[in-house]
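A.B. asks: Before anything else, here's the structure in question.
The values are calculated or read from the model by the stated rules, or taken from the named source; none is laboratory data. All of these numbers come straight from a predicted model, not from anything done at the bench. Neighbour counts are summed over all protein chains in view; Cβ atoms, including those assigned to glycine, are modelled from backbone coordinates with ideal geometry. Surface areas here come from the heavy atoms of the whole protein model, side chains and all, with no ligands, DNA or RNA. Shrake-Rupley method; radii C 1.70, N 1.55, O 1.52, S 1.80 Å.
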Amino acid sequence: MANLTQGPARDMNKLGLAGMLVTLGIVFGDIGTSPLYVMKAIVHTGEAMTEPYVIGAISCIIWTLTLQTTVKYVMIALRADNNGEGGILALYALLRRHRRRWIYGIAIVGAAALLADGVITPAMTVVSAIEGLEEFSSAPPVLPLSVAVITMVFFIQRFGTENIGRGFGTFMLLWFLMLGMLGTAALIRCPEVLKAFNPYYAIRLLVCSPGWFLVLGAVFLCTTGAEALYSDLGHCGRRNITVSWLFVKLMLILNYLGQGAWVLTHAGTAAEVSNPFYAIVPRPLLVPAIIMATGAAIVASQALISGSFSILSEAMNLKFWPRMRIKHPTNVKGQLYIPSINSCMYVGVVVTVLLFRDSIHMEAAYGLAITITMLMTTLLLAFYLRMKGAPRAVVMCFLGMYVVVEGIFLAANLSKFAAGGWFTLLMAGMLCFIMFVWVGAQRIRRRHMTFRKLSDYYGILADIKADTSIPKYASNLIYINHAHIEGDVDDKLLYSIINKQPKRADHYWLFHLEYTDAPDTLEYDCKMLVPDTLYSVRLYIGFMIEPRVSIYLRQIVEDLVAQGRLELTSSYPSLHKHGIAGDFRFILIHRIYYPEDSHNRRQNLLMTLYAIIRRIGVDEPKALGLDTSVTVVERVPLIINRRKSAERRITPVTQHEGPEEDGHAGTSASGRQDI
């Protein structure tokens, strides 16, 4: 088995200052902007800002960061890597061959909710940052400025973020240091808030406060970036993330303690202040703080947008999503840009800003989708722990603990459904719907494909090549073979070569694309089935690699020529004389579904929806990276179950030996005209 060229390799797993600096810029943008809105949401729950309430809320934040982010994600999830890659789809790819097929539903629900979070997060972080201008004016232009910043962030995606990204780490380091220093300065004025490290105050708040649902809904926002932390495992490596998190967590907790201290010392007026985060900033530093907060929001938004591109790229290779046009704006491996998704996300973020208008109302929509993703990740992690041989009792304790904790958070966020949670669930539901329809339709198509033994046709293919009475179709004819079993071939492929129009060629190539569970695999295996006539190529492509069959074919042909296994020179005498290589032509078989061929209404509906959803993607030649100028698409029906009632047989007309007496053409007894 040979390797194909993949481009520059990533080496971000080594622990070092440079690696940790990049990690700060890539991984912690989302969770690093949470101080902008968490305490603001807690203060505006309507509860009295008493000492037990404030200290209990801060205690909930500290222990949520510890249990959710530190224990579940940093200590457990980061070890559940798929050849270095993380995230819910990478985890599913690792598990799918060891568990029942139905776990794909868990992965789809989690991925859809995470994508929905990618729309609400940029809106929430940018608006929260720019709302700092309310400290100077009673009616600042928050919405226009927010839309302008969001427009800029989405516009620069098409150019890539290689150069901009180099400064993200340094900027986020300064941001976290600012968070820590501001929090420490405020904390000194009210050290009683340090009692929040005792979990007793968190438990007492949850037991005694009648509005604990609202409190938990706000507290959960402090850990919304934990899932992104896991998804970025492949970019930065477990050790860099783990060590960097110790610093990030310390700075976050210091800032939350500082905001809590300010609220305790201003208990009577805290609810009237727009944002406790800006309240702890000294007046001369307010403008720089707003600028820094806006920059941190841009970094967080950039990370979520890029993460959404990566998630959808994985979903395409896992066959959860239709193929879309993907661009690589820079030479950085793994950096993607999907124009249509970028446009859709931009519209979604702007609609979110204009619909909710301020961060207080957005907070109601924020957090619900990511809670669902965390629950799905918990279920998959339980399967992973069991697969790795963890005792059943340990797995059940892990599952029970986090299902209860995240279930409570989910219930708390569902209490805000009418106030805005419906918006996030609507987006996640639409994405889920598309994925489930796509997966279901793909299964129907596979179920009704038939295959034959390729070895039975070796002689026929050799004879067609030797038959000069058949016009030569191409020097090299390439088909995509969808048979999963080695040695089998799609029957429609054989029909195209032999029956539909006999296609003579010097070489026939059958390509089979096999998507592997390993993320970065890019290998091929080539077998010569008929000497100098028929070649079978199996491409092994990782779920994070974009298929580019034309490029891969070129390298494979070069390898075979170098090995002396292929004569590439054209067989046309005039071209052969000058050593010119033969031409290549691709033929794709596209099956069209006709609803009248099936009596299954559910199946007809599913395939009709599939045909509609398919339009959001690109056609198969572009999806496979083929040169469309030398690609032919042959359309054939996907015949399922013919309706017996619709079948009719043609009745032969009785023929007469001579014309009728009236001199007219002969007619049958039924009066039909003879043809």
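A.B. asks: Given the residues 601, 538, 554, which is the only one that is of a type outside the set (Phe, Trp, Tyr), farther than 21 Å from residue 624 by Cα and free of Cβ contacts under 8 Å to residues at least 60 places away in the same chain? Give the steps one after another, and end with the answer.
C.D. replies: Working: 538 fails: farther than 21 Å from residue 624 by Cα; 554 fails: farther than 21 Å from residue 624 by Cα.
Sole residue among the options that is of a type outside the set (Phe, Trp, Tyr), farther than 21 Å from residue 624 by Cα and free of Cβ contacts under 8 Å to residues at least 60 places away in the same chain: 601.
A.B. asks: From the list 496, 475, which one is out of contact with any helix residue (DSSP H, G or I) (no Cβ under 7 Å at 6 or more places or on another chain) and in a strand (DSSP E or B)?
C.D. replies: Values: 496 fails: in a strand (DSSP E or B).
Checking each option against the conditions leaves just 475.
A.B. asks: Now for a different question. Pull out all pairs, ordered by first then second residue, where Cβ-Cβ is under 7 Å, the residues are six or more apart or on different chains, the first lies in the range 390-411 and is at pLDDT below 95 and open to solvent by less than 30 Å² (accessible area, probe 1.4 Å), and the second is in a helix (DSSP H, G or I) and not hydrophobic (A, V, I, L, M, F, W, C).
C.D. replies: Hits for this filter: 395/386; 402/72; 402/378; 406/371; 406/378; 409/371.
A.B. asks: What is the number of the single condition among (1) more than 25 Å from residue 436 (Cα to Cα); (2) open to solvent by 50 Å² or more (accessible area, probe 1.4 Å); (3) hydroxyl-bearing (Ser, Thr, Tyr); (4) within 31 Å of the chain's Cα centre (by Cα) that residue 608 does not meet?
C.D. replies: (1)
A.B. asks: Additional query: Test residue 439 against the criterion of being at pLDDT below 95 and out of contact with any strand residue (DSSP E or B) (no Cβ under 8 Å at 6 or more places or on another chain), and give yes or no. Full working, then the answer.
C.D. replies: Details: at pLDDT below 95: yes; out of contact with any strand residue (DSSP E or B) (no Cβ under 8 Å at 6 or more places or on another chain): yes.
For residue 439, the condition - at pLDDT below 95 and out of contact with any strand residue (DSSP E or B) (no Cβ under 8 Å at 6 or more places or on another chain) - is met.
A.B. asks: Working carefully through the options 184, 224, 269, find the one that is of a type in the set (Ser, Thr, Tyr) and touching an Asp or Glu at 6+ places or on another chain (Cβ under 7 Å). Break it down stepwise before answering.
C.D. replies: Values: 184 fails: touching an Asp or Glu at 6+ places or on another chain (Cβ under 7 Å); 269 fails: touching an Asp or Glu at 6+ places or on another chain (Cβ under 7 Å).
None of the others qualify; the one that does is 224.
A.B. asks: Here is a follow-up. Could you look through the range 518-569, keep only residues that are farther than 19 Å from residue 481 by Cα and among the hydroxyl-bearing types (Ser, Thr, Tyr), and pick out the one that is surrounded by the most Cβ atoms within 10 Å (Cβ to Cβ)?
C.D. replies: Among those that are farther than 19 Å from residue 481 by Cα and among the hydroxyl-bearing types (Ser, Thr, Tyr), it is 521.
A.B. asks: Then there's this: I'm trying to understand the selection: among the residues of the range 412-452, which are in contact with an Asp or Glu (Cβ under 6 Å, 6 or more places away or on another chain) and open to solvent by less than 40 Å² (accessible area, probe 1.4 Å)? Spell out the reasoning first.
C.D. replies: Taking the range 412-452 as the starting set, the residues that turn out to be in contact with an Asp or Glu (Cβ under 6 Å, 6 or more places away or on another chain) are 450-452.
Hits for the range 412-452: nothing passes.
A.B. asks: Could you go through the range 453-472 and let me know if any residue there is basic (Lys, Arg), at pLDDT below 95 and either in a helix (DSSP H, G or I) or open to solvent by less than 40 Å² (accessible area, probe 1.4 Å) (or both).
C.D. replies: Yes, the conditions are met somewhere in the range 453-472.
A.B. asks: So, one more: So, of the residues in the range 572-586 that are among the small types (Gly, Ala, Ser) and open to solvent by less than 60 Å² (accessible area, probe 1.4 Å), which turns out to be farthest from residue 518 (Cα to Cα)? Let's see the steps before the verdict.
C.D. replies: Just the residues of the range 572-586 that are among the small types (Gly, Ala, Ser), to begin with: 574, 579, 581-582.
Going one step further and asking which of them are open to solvent by less than 60 Å² (accessible area, probe 1.4 Å), we end up with 579, 581-582.
On the way: 579: 41, 581: 36, 582: 35 Å.
Filtering first and then ranking leaves 579.
A.B. asks: Taking residue 139 as meeting all but one of (1) assigned to a helix (DSSP H, G or I); (2) aliphatic (A, V, I, L, M); (3) open to solvent by 10 Å² or more (accessible area, probe 1.4 Å), write down the number of the exception.
C.D. replies: Status for residue 139: all satisfied but (1).
A.B. asks: So residue 293 fits all but one of (1) closer than 21 Å to residue 86 by Cα; (2) over 20 Å from the mean Cα position of the chain (by Cα); what number is the exception?
C.D. replies: (1)
A.B. asks: Every residue in the range 530-554 that is in a helix (DSSP H, G or I) and of a type outside the set (Lys, Arg), please.
C.D. replies: Residues of the range 530-554 in a helix (DSSP H, G or I): 549-554.
Result: 549, 550, 551, 552, 553.
A.B. asks: Does residue 590 satisfy the criteria of being assigned to a strand (DSSP E or B) and not small (Gly, Ala, Ser)?
C.D. replies: Details: assigned to a strand (DSSP E or B): yes; not small (Gly, Ala, Ser): yes.
Criteria met by residue 590.
A.B. asks: Got at least one residue in the range 358-380 being open to solvent by 20 Å² or more (accessible area, probe 1.4 Å) and under 28 Å from residue 547 (Cα atoms)? Please lay out each step first, then the result.
C.D. replies: Here is the first cut: in the range 358-380, the residues open to solvent by 20 Å² or more (accessible area, probe 1.4 Å) are 358, 360-361, 363, 372, 375-376, 379.
Filter once more, keeping what is under 28 Å from residue 547 (Cα atoms): none.
Checking the range 358-380: not a single residue is open to solvent by 20 Å² or more (accessible area, probe 1.4 Å) and under 28 Å from residue 547 (Cα atoms).
A.B. asks: Sticking with this structure for a sec: Hey, could you check the range 273-301 for residues that are open to solvent by 10 Å² or more (accessible area, probe 1.4 Å) and among the small types (Gly, Ala, Ser) and say which is farthest from residue 23 (Cα to Cα)? Let's see the steps before the verdict.
C.D. replies: Looking only at the range 273-301, we keep the residues that are open to solvent by 10 Å² or more (accessible area, probe 1.4 Å), and these are 273-274, 279-285, 287-288, 290-292, 294-295, 298.
This time we only want the ones that are among the small types (Gly, Ala, Ser), so: 274, 279, 295.
On the way: 274: 32, 279: 29, 295: 17 Å.
Result: 274.
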